[in-house]
Amino acid sequence: GATWRVRLDSATAYDQLTLAGASSTATLGGILDIVAAPGLPAGTRFRILRNQGNPAAPVSGLFAGRANRTPFTASGRTWYLDTNVGSGGDLDLVLASDRELWRQTHFGTLFASANAADLADPDGDGVPNLLEYALGTTPADAASVSLPSVQVSGLSPEPLFLQLAFLRARSDLTYLVEASSTLAPDSWTTIATNPGTVGQSVTVTDSVSINPRRFLRLRVTSP
């Protein structure tokens, strides 16, 4: 069969096939050959096929060994094709993100569904998958736990301050250390954003005394 070679030089400079006819349809087949520049960011989407003339016409067919939303390796990286984009007539080539690869390792899927969903807790340890990923623990092992810890800094009678320590395991998440004196929902303020260095343990010290009371928490968000 024929070979479609797609060159990817950067997130914005890459080969794209555009269909302009009002009755255009796309049927995949043959071999998809990927030539990717080194250093492309994980998680980047490349819209390699755009059906401008008939955008609702679904993409049909398959490239050899390239099923839709199924990982494959090319140029030393893991990719997948996604036809579930746009109005249905487009095709994205996706360089799998670090979190997708983590899901593939632990759940056999790239996507956040069922046991692999961000808020799922398949090992029943009370820690959802997003936090397991954020803190570098294993989502299918209840014994693999590394929750943030709180300690007190300073010596009485001097002012005492809370400290929150945790492992900042990932570069693709936002880590927010928040503080409150009342626990009221609208009382939390951010005292640190992405502190420390990725891959290392981080300790954040509050600037407000624990007297009469003080609380710290870690909030993790994803793009």
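Net charge near ALA143: determine it from the other residues with C-beta under 9 Å of the C-beta of ALA143, scoring Lys and Arg +1 and Asp and Glu -1.
On the way: positive: none; negative: ASP123, ASP125, ASP141.
Overall, the nearby charge balance is -3.
Return the carbon/sulfur percentage of the accessible area of the chain, one whole number, probe 1.4 Å, all protein chains in place. So the carbon and sulfur contribution to the accessible surface is 51 percent.
Average accessible surface for the chain: 51 Å² per residue, computed with a 1.4 Å probe over protein heavy atoms with every protein chain in place. Take the Cβ-Cβ distance between THR109 and VAL208 as r, set R0 to 41 Å, and report the resulting FRET efficiency rounded to the nearest 0.05. Efficiency for this residue pair is about 0.40. Which of rounded, prolate, oblate describes segment 89-144, given a ≥ b ≥ c as roots of the alpha-carbon gyration tensor eigenvalues and a/c under 1.5 marking rounded, otherwise prolate only if a/b is larger than b/c? Taking the square roots of the gyration eigenvalues as a ≥ b ≥ c, segment 89-144 is prolate. Across SER146, SER97, SER23, mean-square fluctuation computed from a Gaussian network of the chain (C-alpha pairs under 10 Å connected) peaks at SER23.
Would you work out which of SER24, LEU131, SER113 lies farthest towards the positive end of the dipole of segment 1-151? Charges go on Cβ: Lys and Arg +1, Asp and Glu -1. Most positive-ward Cα: SER24. Sequence-distant contacts, meaning Cα pairs under 8 Å at least 6 residues apart, place the relative contact order of the chain at 12 percent.
Calculated FRET efficiency, VAL35 to ALA56, Cβ-Cβ distance, R0 = 41 Å: about 0.85 to the nearest 0.05.
Let me check against my output: what whole-number percent is the relative contact order of segment 1-123, with C-alpha pairs under 8 Å and at least 6 apart? Don't jump to the answer; show the numbers that get you there.
Details: 244 pairs, mean separation 27.3, N = 123.
Reported as a whole number, the value is 22 percent.
Less than 5 angstrom separates the built amide H of TRP4 from those of ILE31, LEU32, ASP33, all sequence-distant by 5 or more or on a different chain. With the simple model of a label 7 Å out from the Cα in the direction of the Cβ, THR3 to ALA117 spans 4.4 nm. Within the shell of other residues whose beta carbon sits under 9 angstrom from the beta carbon of TYR175, the net charge comes to +3, with Lys and Arg scored +1 and Asp and Glu -1.
So if we plug the beta-carbon distance of ARG219 and THR25 into 1/(1 + (r/R0)^6) with R0 = 41 Å, what FRET efficiency do we get, rounded to 0.05?
Values: r = 46 Å, r/R0 = 1.12.
Rounded to the nearest 0.05, the efficiency is 0.35.
Taking trypsin sites (Lys or Arg not before Pro) across segment 148-223, the ones in a DSSP loop with at most 16 further Cβ atoms lying within 10 angstrom of their Cβ are ARG213.
Simple spin-label estimate for THR193 and LEU147 gives 2.8 nm between the two label positions (7 Å along the Cα-to-Cβ direction from each Cα). The angle between the Cα long axis of helix 98-107 and the longest principal axis of the Cα atoms of the chain comes to about 90 degrees, rounded to the nearest 10. How far is the Cα center of segment 43-63 from the Cα center of segment 1-27, in Å? One Cα centre to the other: 8 Å. Helical content alone sets the calculated 222 nm signal of the chain at -2000 deg cm²/dmol, taking -39,500 (n - 2.57) per DSSP H segment of four or more residues and averaging over every residue. Local charge for ALA192 was computed over the other residues whose Cβ lies under 10 Å away, with Lys and Arg +1 and Asp and Glu -1, and equals -2.
The values are calculated or read from the model by the stated rules, or taken from the named source; none is laboratory data. This structure is a prediction, so every number in the text was calculated from the model and none was measured. Positions of Cβ are backbone-derived with ideal geometry, glycine not excepted, and every protein chain shown enters the neighbour counts. Keep in mind that these areas ignore ligands, DNA and RNA; they rest on the heavy atoms of the full protein, side chains included. Shrake-Rupley method; radii C 1.70, N 1.55, O 1.52, S 1.80 Å.
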